[in-house]
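Structure first, then comments.
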Ligand code: HEM
Ligand SMILES: [Cu+2]
């Protein structure tokens, strides 16, 4: 696989590599860069699938009556939309970014456990295809929402043992195992594989945030996986952990679920904080403002994220003292988060700003994130949450975070590192078009969900009272626009990967180990391990980053 | 800082503050009518958070927009910005201010919560009804602090049934006298449902096999909507009922009227949709839990 080939003639090497390059992506490669791209592309496929489900849902919701699909179909669609978006798109795409970037940012030749890495990746298509195939079993796929709360989730109207919920639980468990394997690998890599000189406070913030996120996976995922296995036993093997008619406790499942699934939102957003922290300095040409505080606040967020989960259960019969306690802990998270936001604003301020596509996406993501943080604080306030819990207000909140901030950040990251990953430059015009379509689509789709929730429209409904029609029509139009926005993106990525201009090693004049490598980097990344001598983000101060490279 | 800078900053803050207060006032109109004591308390808290939130959002977005407009690099300008790594004073300030804001929000939320004195299922004992509710009412009415006799609420897949135990009346429409504290005992035989009346801003999950006590005080006559708020399966969206708040006299009259009627099956959206679906030869959906048969009640609209 990776024996260092004797130096070939440049032309020969080129064509040879070209030939190999696309095939590598379909093989059991152990190169972290190949795996990273495998993750990203596979995840993007599932993103499109779950996006199509969303289009059908918004088609149903464009009128108040349940007229486009049967209610069971609608329920299956929102369940699989949420599930595939999270387990098929979010976690894998972020694992992809971490895989691709962490080693080249910390000066390592590969991940700590390359084989484990490949195994973890190849589980993604397995459980992803299980989700999709579950549409074919009698009774259809799971219809209990991505929370899969019992007793609804174990009602199993078909009575068959092979049912959608069964496959769902199995697939979620596999996804959990895959993510734990990924987390072990990434955390070990960051702890053990840093190059000489790469002390904690020389690591780019992206690495800090990935570390903070993956630690969450390690302590949180076991809870979710245990919950899923127990639910599977209730569903298929006659246990009654969560069955209230047999003395079980359905609320216990909610604790298992949210003990992981709240921190999980930080698994997703933290690396995007990392992407913001990488992108802003490059396109504002200034150091990251308050680098150390930004870095450390990630770990504070990790800690706090473990003690807030009950804010998803304020209406579940939670006693008053618990409501107040978790209200306060939830609100506290906004302090380390606010530090980051202000730091990014401070970075941009007074810079030499260049609005390339990655910067546009990062800026849009930042504004959307601030908005969603504000609605988040509202939700954490118990009296307000009692009104808007389980309404479209919550749906608006988390789509602003997940789409408005996370997906924006991911798009920004893809554009930013595309030249590094492929050696080609994307088309700037298509990128800008993509940004504006996405920004307008996001606003039109998700902003109207807030008034809807405040008016009292519950989430997960296939039909609604006519008073809600106006905002729903707007949201649906926004959704279709978002669907269309992926077209210029896909055209851009495919055509520039095949026929784009050569990018050069450092098209953004960015500072960072990854930009000292060739584009795309060699199999072994670093011919000679770098010796890092400077803090990251040394803009406006011409000093070398390493002792021995470039 | 120069005097002029300070002046500019103060002017900006005042403008943003004015806009924020205006948006905060506007926020009342985003919500349904205030039909309960609880709704007034919650709306005030919400308006306060909207005001604060608007200020922060405009502050951040404004700063970013300003930078983007005025700190752009020229086309051929390849130089870097100033090498500023941070500023300890600023960083302390923007850690401390959010912390204080959060404390403020938490205390305000806590006070509102206490005033609502929602009784969760864990607090089954009769609490003395919060006397602090009274000042929130325009005219404190004695009865409003007196818990009403129980109304039993049954939520099942997918119907709401209300029982007035003293008169032994059942109904699919929830009738409540205005300005009196309502005390519900809620049950579900199957899955978790959520009791949610947006105009009252109250919501409570109903956990199967438990009696959930729940109280609130309607203060405005009219017809409102009760919706299931915890996803309960196939016909979840159709699980709604009307809530009628009326004067004591009208309420008494309704009770008397309902008592005359002998029980008959009510219309049920889920059951009728299911029947229609079963009649079609080509089956459009997947298997579903069969809806409970339409409830047999004294009163249905
Ligand atoms: C200032 C920070 C934030 C606060 C205070 C906050 C607060 C909350 C609260 C209280 C809820 C529960 C609402 C309910 O169900 O009634 C919620 C829901 C949610 N939040 Fe946030 N949030 C914040 C940031 C985030 C971030 C960064 C993410 C994602 C990366 C996120 C993702 C979600 C998701 C996915 C849900 C809903 C899950 C579901 O119900 O299906 N939030 N948030
Ligand atoms: Cu949460």
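Each reported figure results from applying straightforward, stated rules to the coordinates on display, with no laboratory input. For clarity, every value in this text was computed on a predicted model and none was experimentally measured. In this analysis, Cβ positions are derived from the backbone assuming ideal geometry, glycine residues included, and neighbour counts consider all displayed protein chains.
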Task: Distance from region A:281-319 to region A:482-550 (C-alpha centre basis), Å - done: 27
Task: Calculated P(r) tail over 40 Å for region A:11-516, as whole % of Cα pairs - done: 18
Task: Mean separation of Cα contacts under 8 Å (6+ apart) over length of chain A, as relative contact order % - done: 16
Task: Shielding score for A:342-351, defined as the mean number of other chain Cβ atoms within 10 Å - done: 6
Task: Average other protein chain Cβ within 10 Å of Cβ, residues B:196-204 - done: 5
Task: Relative contact order for chain B, counting Cα pairs under 8 Å that sit 6 or more residues apart, in percent - done: 17
Open item on the list: Can you give the FRET efficiency to the nearest 0.05 for residue A:509 and residue A:470, using r as the Cβ-Cβ distance and R₀ = 41 Å?
Closed with: 0.25
Open item on the list: Please list, short to long, the whole-number percent of alpha-carbon pairs of region B:1-45 in consecutive 5 angstrom bins beginning at zero.
Closed with: 5, 19, 17, 14, 10, 10, 8, 7, 5, 3, 1
Open item on the list: If I take R0 = 51 Å and measure r between the Cβ atoms of residue A:239 and residue A:522 in this structure, what FRET efficiency does the formula 1/(1 + (r/R0)^6) give, to the nearest 0.05?
Closed with: 0.45
Task: Largest-first principal axis extents, alpha carbons of region B:194-301, Å - done: 51, 31, 27
Open item on the list: On C-alpha positions alone, give me the angle between the axis of helix B:3-26 and the longest principal axis of chain B, in degrees, nearest 10.
Closed with: 10
- [ ] Determine the calculated [θ] at 222 nm for chain A from helices alone, applying -39500 (n - 2.57) to every DSSP H run no shorter than 4 residues and normalising by the residue count; nearest 500 deg cm²/dmol.
- [x] -21500 deg cm²/dmol
Open item on the list: How far apart, in nanometres, would the label points at residue B:111 and residue A:425 be if each is projected 7 angstrom from Cα along the Cα-to-Cβ direction?
Closed with: 5.9
- [ ] Give the share of C-alpha pairs in each 5 angstrom bin for region A:243-351, from 0 to the last occupied bin, in whole percents, shortest bins first.
- [x] 2, 11, 18, 17, 14, 11, 9, 7, 5, 3, 1, 1, 0
Open item on the list: Over the Cα atoms of the protein assembly as shown, what radius of gyration and what Dmax do you get, in Å?
Closed with: 28.4, 100
- [ ] Can you tell me which of A:211-222, B:60-71 comes out highest on packing, and rank the rest after it, using the mean Cβ neighbours within 10 Å?
- [x] A:211-222, B:60-71
Task: Spin-label model distance (nm) - residue A:161 vs residue B:225, 7 Å beyond Cα toward Cβ - done: 4.4
Task: Bins of 10 Å from zero: percent of alpha-carbon pairs in region A:248-293 - done: 23, 30, 20, 16, 9, 2
- [ ] Fewest Cβ neighbours within 10 Å first, please rank B:161, B:107 accordingly.
- [x] B:107, B:161
Open item on the list: If each residue of separation counts as 0.36 nm, what is the full-extension length gain between residue A:23 and residue A:246 once their alpha-carbon separation is subtracted?
Closed with: 74.8 nm
Open item on the list: Testing the spin-label approximation: label points 7 Å from Cα along Cα→Cβ at residue B:252 and residue B:79. State their distance in nm.
Closed with: 8.7
Open item on the list: Just to verify a number: FRET efficiency for residue B:12 and residue A:56, C-beta to C-beta distance, R0 = 60 Å, to 0.05?
Closed with: 0.85
Task: Mean-position separation - Cα centroids, region A:165-237 and region A:106-161, in angstrom - done: 15
- [ ] From other protein chains only, count the Cβ atoms within 10 Å of every residue's Cβ in A:306-318, then give the mean.
- [x] 3
Task: Extended-chain gain in nm, criterion 0.36 nm per residue less alpha-carbon gap, residue A:477 and residue A:255 - done: 76.3 nm
TODO: Per DSSP H run of n ≥ 4, the term is -39500 (n - 2.57); total these for chain B, divide by its residue number, and report the mean residue ellipticity at 222 nm rounded to 500 deg cm²/dmol.
DONE: -13000 deg cm²/dmol
Task: Degrees, to the nearest 10: A:408-422 long Cα axis against longest axis of chain A - done: 30
- [ ] Could you list A:275, A:132, A:174 in order of exposure, starting from the residue whose Cβ has the fewest other Cβ atoms within 10 Å?
- [x] A:132, A:174, A:275
Task: Gain upon complete extension [residue A:132, residue A:533; 0.36 nm per residue less C-alpha separation] - done: 139.4 nm
Task: For chain B, built as a Gaussian network whose Cα springs stay under 10 Å, the top-fluctuating residue of B:163, B:181, B:259 - done: B:259
Task: Where only alpha carbons of region B:1-100 are counted, the Rg and the Dmax (Å) - done: 19.1, 63
Open item on the list: How tilted is helix A:205-236 with respect to the longest principal axis of chain A? Cα atoms for both, answer in degrees (0 to 90, nearest 10).
Closed with: 30
Task: region A:453-508 - Rg and Dmax from Cα coordinates, angstrom - done: 20.1, 57
TODO: Return A:356, A:385, B:228 ranked ascending by Cβ neighbour count within 10 Å, so the fewest neighbours appear first.
DONE: A:356, A:385, B:228
